[in-house]
Amino acid sequence: KFAGLFWPHKQSGKMKSDNTYLAKRGNRYLRYYLVEAANSVRRYESDYRAYYQKKYDETPKHKHKRAIVLTARKLVRLVDVLLRNHQLYAPPKERIK
């Protein structure tokens, strides 16, 4: 939540709103650069491309924005694990069919 890559819940009774805005809490510069990095990673990395497409198909409104922010959250988890384990990123080897 430090970067603000989440949507606050809006609901009243049983009605849950699908049209919510991205949270404005957190570091806006970090959020911007993480989303830009996720967009770049999505173009070149097949795992992230598949994840983005899956989320793009799942969301009912604002498909690109929501899918790219969810991809950025996935990228944040990867960066966190790499930093905690003091590792360099090694892309998964593609299987030859």
(message) So with the 1.4 Å probe, I'd like the accessible area per residue for segment 28-94, rounded to whole Å².
(response) 75
(request) Just check segment 28-94 against the gyration tensor rule for me: Cα atoms, a ≥ b ≥ c as the square roots of the eigenvalues, rounded for a/c under 1.5, and otherwise prolate or oblate depending on whether a/b exceeds b/c. (result) oblate
(message) Rolling a 1.4 angstrom probe over the protein chains, ignoring ligands and nucleic acids, what is the accessible area of ARG49 in square angstrom, nearest 10?
(response) 110
(request) Find how much the distance from ARG73 to LEU30 grows on full extension, using 0.36 nm per residue of separation minus their present alpha carbon separation; answer in nm with one decimal. (result) 14.3 nm
(request) Go through ARG31, ARG73 and list them by solvent-accessible area, largest first, probe radius 1.4 Å. (result) ARG73, ARG31
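Using mean Cβ contacts within 10 Å as the protection proxy, how do 56-63, 75-82 order, highest first?
Numbers: 56-63: 11.8, 75-82: 13.5.
In descending order of packing, they fall as 75-82, 56-63.
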(message) Please report the accessible area of HIS64 (heavy atoms, 1.4 Å probe, ligands and nucleic acids excluded) in Å², nearest 10.
(response) 80
(request) Could you pull the accessible area for VAL41 with a 1.4 Å probe, rounded to 10 Å²? (result) 40
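The values are calculated or read from the model by the stated rules, or taken from the named source; none is laboratory data. Just so it is clear, the model here is predicted, and its values are computed rather than measured. With ideal geometry, Cβ positions are generated from the backbone for all residues, glycine too; neighbour counts draw on all protein chains shown. The area values use the complete protein model at the heavy-atom level, side chains included, leaving out ligands, DNA and RNA. Shrake-Rupley method; radii C 1.70, N 1.55, O 1.52, S 1.80 Å.
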